[in-house]
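As C-alpha cells, the structure follows; a few thoughts come after it.
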Amino acid sequence: MQGLRISLAVTLLSGMLLFGGCSYLQLLQKPDDQAITSEIQGKLFADSVLKTRDIRVTSQGGVVTLNGTVSTDLEKAAAERMAAQAKGVKQVQNQLTVGPAAAAPAEPTTTAQPEQAAAPEPPRAAQPKTSRRSERASSSRNENEPVRQAEAPAAPASTAPAPPTEMAATEAPPQPVPPQPVHRTVPAGTTITVRMIDGIDSSRNRPGEEFAASVDAPVVVEDHIVIRKGADARVRLVQARSAGHMTGQSQLQVELVGLAIGGQTYAVESAALEKTGASRGKRTAATVGGGAALGGLIGAIAGKGKGAAIGAAVGAGAGTAVQATTKGEQIQIPAETKLDFTLRAPITVTM
C-alpha cells in the first residue's frame, strides 16, 4: 500500500514537471511583437521605393498586419515578402491598397525608450520686470502684425500659371541636324561638253579674253551627278592668229577655265582646243601667177607684140595688188557651238 502511494506521487510529480516545462517553453517561444514590428519597419525603410509609401505595420502574437497604400501590385507583394521573412512571424495579413500612394509620415530620428523618462525641466529663473515689459511689447507687436498684413491689398493672381520649365524642356522639338558636306572628285581625263553662249572671232578677239558658256551634258561620278546640265562655264581664248594678206592661216585656241557648281566657282585646267583655217600660201601663188599671165596678154595686145615682157611684168604686179587687198580665211566659233574639253587635272566638288 505504501509503495502504491509512492508510485502515484512520483507519477503526479512527473506530470506536473512535464506540464510546467512545456508551459515554460511556450513562454520562452512566445514571439516578441515589438521586435517583429521594428524589424519589418527597418526592412521597409531600407527599400528606396517602399520607404516613401504609407505602410503601417502591427504585430500580435506573431500575426503581422500590413495597412496603408502602395502604387502597384509589385510593391504590395514586396512588402508582404519582407514581412514574412522577419524572425518570429507566423502569418502575414496583407491589407495594403493599390492606388495613388501617399508619402509615408516622417519618422522621428530617435525613438524614446519606455525606460527613459523625459528629464524634468529646470525651474526658470525669475526675470526682471523690464524683460516682462519687453515681452509684452513684442507680443503686442506680433499680434498687430497679422492685422497689418491682412489690411495690405493682395496681389492679383495670375490667370494662367506658367508651365514648369522641365515640361517646356521636354516638349521642345528636337533641333534638326545640319547635313554634312560630301566631296566628289571628277578625275582627270573626264570630258566636259559645253555649249558656247558668246561667239569668238579670230579677227576681232584677243588672247586672254573669256567667254560665257554652259555645261551641255551632266557629269556623273560613281552614280552621282556631280556637274549638272546648265551649269555656268567660262572659256578663255588662248591664241588668236588671223591669216595675212599674202601667206599664213587663221588659228584659234580655247580652253575651259572655270565652272560654277552649287553656288561655288571652281578653277578648271583642261587641254586646249584648236581650230585652224585653210592655208593662204597656195591661193596667193595661184592668184599672182594668173595675174602675171593676164598682164602679159594685156601687154602684148597693147604693144602689138613688142611689149609682151613689159606687159607680163605689169600684169604680175597687178595680180599681186589684187591679192593683197583681200585677207585670208578667218576662224569663228559662233554661239551655240558645242565644244568637248578634256580635264588635265581632277576637280574636287563639295556637294
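Could you list, in sequence order, all residues of the range 186-217 that are out of contact with any Leu (no Cβ under 8 Å at 6 or more places or on another chain), part of a loop (DSSP other than H, G, I, E, B) and surrounded by 14 or more Cβ atoms within 10 Å (Cβ to Cβ)? Selection gives Ile197, Asp198, Gly199, Asp216, Ala217. Within the range 54-65, being touching a helix residue (DSSP H, G or I) at 6+ places or on another chain (Cβ under 8 Å) and either assigned to a strand (DSSP E or B) or over 17 Å from Ile36 (Cα atoms) (or both) holds for Ile55, Val57, Thr58, Ser59, Gln60, Val64. Anything in the range 1-53 that is at pLDDT 75 or above, under 15 Å from Lys87 (Cα atoms) and part of a helix (DSSP H, G or I)? List them, or say none. Matches in the range 1-53: Asp33, Gln34, Ala35, Ile36, Thr37, Ser38, Glu39, Ile40, Gln41, Gly42, Lys43, Leu44. Residue-level check: of (1) modelled with pLDDT of 95 or more; (2) within 25 Å of Met351 (Cβ to Cβ), Arg228 misses just (1).
The values are calculated or read from the model by the stated rules, or taken from the named source; none is laboratory data. Bear in mind the structure is a predicted one, so any value in this text is a computation, not a measurement. Backbone-built Cβ (ideal geometry, glycine too); neighbour counts: all protein chains shown.
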